[in-house]
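These notes concern the structure reproduced below.
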Ligand SMILES: Nc1ncnc2c1ncn2[C@@H]1O[C@H](COP(=O)(O)OP(=O)(O)OP(=O)(O)O)[C@@H](O)[C@H]1O
């Protein structure tokens, strides 16, 4: 059974059709990448999956159940966790406090028990601390655990955002541009981390990113959106080499020169795919 199944999803804002008949699925333990030029409809798709937007037509199903009409909080309770393109954290709190806050949304004891204290409360609090610890460890964030979010550089913030969503114990993780603001080395490390998180927490992941090398490396399947429609889909390398995909990316930034090609790497078959701007195919 698919974890996520989107069928013929259409959403219009006045005269703009942001998504047109989009059909997409993510299987159990799959990492699905979504690429596409600016304005292609990627974030709108996430907003329809999470319930921030109601589609004009079409269906969103989660583990076989139609959730198209469900409000945001009910989808979150089902296990759909999402990061935002512009980091959404409590800036004046520390990283560890942010993780604890995210988990307190899920605690099983009632507020009065929390005030009075007691074995259930202490057990739950210990579980929260342990989970925070594990997440910080896995994301290599332990050294910033006691730092204020406001004092962190952007690349670290993006990881803290993932950590905060993981703290809510999602089953399906939607990541909106987790690699933005990262250099190639950081993005490679992030890719390794995502693969490990999937393993550790048994997650299915849908990830939007302009950093195409990151998407193609970690994804099992990739969709390329353009003008609200699925332009190409398939195995990462097939989508990366799809002529329409290259055209769509180049078409968005005609005035920008592609980066110079890297020195050929000695080996049986060097990759001759052109490098494109803003995320590089
Ligand atoms: N609430 C809204 N009201 C009106 N138009 C909207 C709204 N949300 C999205 N759009 C429009 O829908 C289209 C798709 O936008 P969206 O943000 O989903 O693209 P994107 O692929 O995520 O782009 P980017 O890579 O720049 O984030 C754009 O034309 C955008 O202006």
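The values are calculated or read from the model by the stated rules, or taken from the named source; none is laboratory data. Because the structure is predicted, anything quoted here is derived from the model rather than measured. All Cβ positions, glycine included, derive from the backbone under ideal geometry; neighbour counts span all protein chains shown.
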Exercise for the section: Could you figure out which of (1) surrounded by 22 or more Cβ atoms within 10 Å (Cβ to Cβ); (2) more than 19 Å from the chain's Cα centre (by Cα); (3) part of a loop (DSSP other than H, G, I, E, B) isn't true of residue 40? Expected result: (2)
Practice task
Could you please find all residues in the range 1-21 being in contact (Cβ under 8 Å) with a residue 60 or more places away in the chain and either outside the structural domain of residue 57 (by TED's automatic domain parsing) or under 13 Å from residue 66 (Cα atoms) (or both)?
Solution key: 2, 3, 4
Practice task
Looking only at the range 1-34, count how many residues are part of a strand (DSSP E or B), more than 8 Å from the ligand (Cβ to nearest atom) and either at pLDDT below 95 or over 18 Å from residue 82 (Cβ atoms) (or both).
Solution key: 10
Exercise for the section: For residue 186, state whether it is assigned to a helix (DSSP H, G or I), more than 16 Å from the ligand (Cβ to nearest atom), surrounded by fewer than 23 Cβ atoms within 10 Å (Cβ to Cβ) and modelled with pLDDT of 90 or more. Expected result: no
Handout entry: Criterion (within 19 Å of residue 81 (Cβ to Cβ) and part of a strand (DSSP E or B)) met by exactly one of 173, 134, 166, 157
Key = 173
Exercise for the section: Could you check how many residues of the range 52-70 are surrounded by fewer than 13 Cβ atoms within 10 Å (Cβ to Cβ) and outside any strand (DSSP E or B)? Expected result: 3
Completion exercise
Exactly one of 81, 88 is away from the ligand (no atom under 13 Å from the Cβ), at pLDDT below 95 and touching a strand residue (DSSP E or B) at 6+ places or on another chain (Cβ under 6 Å), and that residue is 81
Exercise for the section: Of the conditions (1) modelled with pLDDT under 80; (2) in contact with a helix residue (DSSP H, G or I) (Cβ under 9 Å, 6 or more places away or on another chain), residue 142 clears all except one; give me its number. Expected result: (1)
Practice task
Identify the single condition in (1) over 13 Å from the mean Cα position of the chain (by Cα); (2) away from the ligand (no atom under 16 Å from the Cβ); (3) in contact (Cβ under 8 Å) with a residue 60 or more places away in the chain; (4) surrounded by 19 or more Cβ atoms within 10 Å (Cβ to Cβ) that residue 218 does not satisfy, given that it satisfies every other one.
Solution key: (1)
Exercise for the section: Can you work out which of the residues in the range 189-213 that are at pLDDT 90 or above and part of a loop (DSSP other than H, G, I, E, B) is nearest to the ligand (Cβ to nearest atom)? Expected result: 209
Completion exercise
Among (1) near the ligand (Cβ under 10 Å from one of its atoms); (2) touching a helix residue (DSSP H, G or I) at 6+ places or on another chain (Cβ under 8 Å), residue 42 falls short only on (2)
Fill in the blank from the handout: residue 90 vs (1) closer than 30 Å to residue 135 by Cα; (2) surrounded by 18 or more Cβ atoms within 10 Å (Cβ to Cβ): all pass except (2)
